[in-house]
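Here is the structure we will look at.
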Amino acid sequence: MFNENQLNAIDTVINDNLIEAGLDNVIFMDMAGNAIAKHDNGKNRLDSIALAALAAGNFAAVDAMAKLVGESEFSLLFHKGEKLSIHFSKVDDETLLISMFNKEISLGLVRLKVAETIKQINTILASD
Amino acid sequence: MALINVKTKEVQIKIVYYGPGRGGKTTNLEYINEKYRDQIKTEMVSLKTQDDRTLFFDFLPFDVGQIKGFDITIQLYTVPGQVKYNATRRLVLRGVDGIVFVADVQKEQRKKNIDSLNQLYENLETYNLDLFNMPVVMQYNKIDLKRSDIPILSSKTMQKDLNSLLQAPAFEASALKGGNVIPTLKKSISMTLASIQDQLF
């Protein structure tokens with residue numbers, strides 16, 4: 001279980017690194033499909049509960065496929081849409097970060113910002 | 001494991017409907033979705049094949065109110081029942097807090113019920129969970145078939161086959177018509193909440 005200080009710090013990191021950079025929605029969630037922190041730019045409505053459940057299933061299925069073909073994991077999981085794309089990233093063994101962004105933002109920038117965010121979240125989680 | 005968010009004062013609990021293929025797991029969720037429509041904020045998510053068999057899972061979240069100042073959301077999942085989908089079945093069990101085992105009372109399904117329960121035990125073991133230490137509710141579904149010519153097993157036989165060691169609360173049910181679907185759910189929720197009560201404070 002995360003304490004309140006950790007949750008506040010995670011909120012700040014996601015907001016400052018990702019929402020401020022122009023991403024539409026970000027969900028920090030556990031592998032069981034529960035959303036822990038949800039952030040958006042206020043411009044669209046998203047069924048984040050269902051999305052988290054589906055994202056957990058999707059990530060788990062891809063992870064299991066990686067194991068079947070002898071990979072420890074597939075490091076990039078990304079779905080590109082016409083207007084919106086979704087990027088998945090493992091934070092630690094128990095948590096995931098799902099980032100949704102529009103065509104104005106490049107995948108490269110998202111990957112950079114997500115990598116930095118994950119590093120900071122892991123530092124927060126280690127400071128129990 | 002239930003997600004308890006001390007900041008937003010939310011608790012998310014995962015209950016999984018498990019059992020052999022065509023046993024009525026999805027039908028249970030469809031009935032709940034219809035019955036509690038006003039408490040359910042989202043559409044039920046179903047990942048199924050073209051011929052309407054569950055491919056990955058069904059998902060239905062709904063609110064049950066507050067306990068000790070925390071908003072409680074129950075997330076109901078089903079697993080695909082077909083034998084070949086065990087890899088995906090196992091994935092859905094990750095983080096499970098409570099189980100509803102939906103068994104099929106048709107005589108010809110007897111072995112499939114037993115095999116499915118044994119596999120549930122093994123699948124939970126992969127997450128270091130022990131079926132015997134989990135909140136489990138048994139549901140013996142399709143009891144309405146006793147009015148047809150299809151041979152069915154008595155509840156005594158079902159209990160002997162599936163529940164002699166577990167000793168879980170059991171319900172005869174008819175998910176298609178909603179018979180005992182809600183009592184099964186209520187029992188599962190109350191047992192699962194009781195099991196996580198200690199974590200809340």
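For the range A:61-106, what relative contact order do you get, as a whole percent, if you take Cα pairs closer than 8 Å and at least 6 residues apart? It would help to have the intermediate numbers written out before the result.
Working: 49 pairs, mean separation 11.4, N = 46.
For the range A:61-106, the relative contact order is 25 percent.
Note the full-extension length gain between residue B:35 and residue B:128 as 0.36 nm times their separation in residues minus their Cα-Cα distance, in nm to one decimal.
On the way: separation 93, 0.36 × 93 = 33.48 nm, distance 3.48 nm.
That works out to 30.0 nm of additional length.
Please give the Cα centre distance for the range A:49-128 versus the range B:57-94, rounded to the nearest Å.
If we compute the Cα centre of each part, the gap is 22 Å.
Enter the mean number of other protein chain beta carbons within 10 Å of the beta carbon of each residue in B:58-67, as an integer. Intermediate values should be presented prior to the final figure.
Details: counts 0, 8, 2, 6, 0, 0, 0, 0, 0, 0.
Going residue by residue through B:58-67 and averaging, the value is 2.
Give, in nm to one decimal, the length gained when the segment between residue B:148 and residue B:194 is fully stretched (0.36 nm per residue of separation minus the Cα-Cα distance).
Working: separation 46, 0.36 × 46 = 16.56 nm, distance 3.91 nm.
Full-extension gain reported as 12.7 nm.
Hey, for a label at residue A:84 modelled as a point 7 Å past Cα toward Cβ, could you say which residues of the range A:30-44 have their backbone N under 16 Å away?
Those under the cut-off are A:38-44.
Which shape class, rounded, prolate or oblate, goes with the range A:1-60 when its Cα gyration tensor gives a ≥ b ≥ c as root eigenvalues, a/c under 1.5 marks rounded, and past that a/b bigger than b/c marks prolate?
Numbers: a/c = 2.09, a/b = 1.13, b/c = 1.85.
Taking the square roots of the gyration eigenvalues as a ≥ b ≥ c, the range A:1-60 is oblate.
What is the order of B:161, B:38, fewest Cβ neighbours within 10 Å to most? Mind dumping the intermediate values first?
Numbers: B:161 15, B:38 7.
Ranking B:161, B:38 by Cβ neighbours within 10 Å, fewest first, gives B:38, B:161.
Provide a whole-number value for the mean count of partner chain Cβ atoms within 10 Å of the Cβ atoms in peptide A:59-69. Kindly include the intermediate steps, with their values, before the conclusion.
Working: counts 1, 7, 4, 0, 1, 4, 1, 0, 1, 1, 0.
Per residue, the number of nearby Cβ atoms from other chains is 2 on average.
Spin-label point model (7 Å from Cα, Cβ direction): what's the residue B:115 to residue B:68 distance in nm?
4.3
Using a 10 Å cut-off around each Cβ of peptide B:35-44, what is the average number of partner chain Cβ atoms that fall inside? It would help to have the intermediate numbers written out before the result.
Values: counts 0, 0, 0, 0, 0, 0, 3, 6, 2, 1.
Mean shielding count: 1.
Here is the link list: A:43/B:14; B:41/B:111; B:35/B:68; A:103/B:84. Which ones come out longer than 28 Å on Cα distance?
Violating the 28 Å Cα-Cα cut-off are A:43/B:14; B:41/B:111; A:103/B:84.
Going by how many other beta carbons lie within 10 Å of each one, how would you line up B:54, A:123, fewest first?
On the way: B:54 25, A:123 11.
In order of increasing Cβ crowding within 10 Å: A:123, B:54.
Kindly identify chain A as rounded, prolate or oblate by the Cα gyration tensor criterion: order the square roots of the eigenvalues as a ≥ b ≥ c, call it rounded if a/c is under 1.5, otherwise compare a/b with b/c, prolate if a/b is larger, else oblate. List each step's numbers first, then the result.
Values: a/c = 1.44, a/b = 1.06, b/c = 1.36.
Here chain A falls in the rounded category.
Excluding residue A:113 itself, what net charge comes from residues whose Cβ is under 15 Å from its Cβ, given Lys and Arg +1 and Asp and Glu -1?
Numbers: positive: A:111, A:119; negative: A:16, A:20, A:24, A:104, A:116.
After counting each charged neighbour, the total is -3.
Roughly speaking, what is the stretch gain from residue A:47 to residue A:65, that is 0.36 nm per residue apart minus the C-alpha to C-alpha distance, in nm to one decimal?
Values: separation 18, 0.36 × 18 = 6.48 nm, distance 2.69 nm.
My answer for the length gained is 3.8 nm.
Could you put B:44, A:29 in order, starting from the residue whose Cβ has the fewest other Cβ atoms within 10 Å? Present the calculation step by step, with values, prior to reporting the outcome.
Numbers: B:44 18, A:29 25.
If I rank by nearby Cβ atoms, fewest first, I get B:44, A:29.
Rounded to the nearest 0.05, what FRET efficiency do residue B:108 and residue B:87 have when you use their Cβ-Cβ distance and R0 = 25 Å? List each step's numbers first, then the result.
On the way: r = 26 Å, r/R0 = 1.04.
Given R0 = 25 Å and the Cβ-Cβ separation, E is 0.45.
I'd like to verify something in chain A: which complete DSSP H helices, judged by Cα projection on the helix axis, reach 24 Å or more and average at least 0.5 on the Kyte-Doolittle scale? Mind dumping the intermediate values first?
Working: long enough: A:48-68 (29 Å, 1.38); A:107-126 (28 Å, 0.80).
Going by DSSP H runs, the hits are A:48-68, A:107-126.
FYI, it's all coordinate maths here, none of it is from the lab. Values in this document were obtained by computation on a predicted structure and should not be read as measured data. No Cβ is skipped: glycine too gets one built from the backbone with ideal geometry, and neighbour counts run over all protein chains shown.
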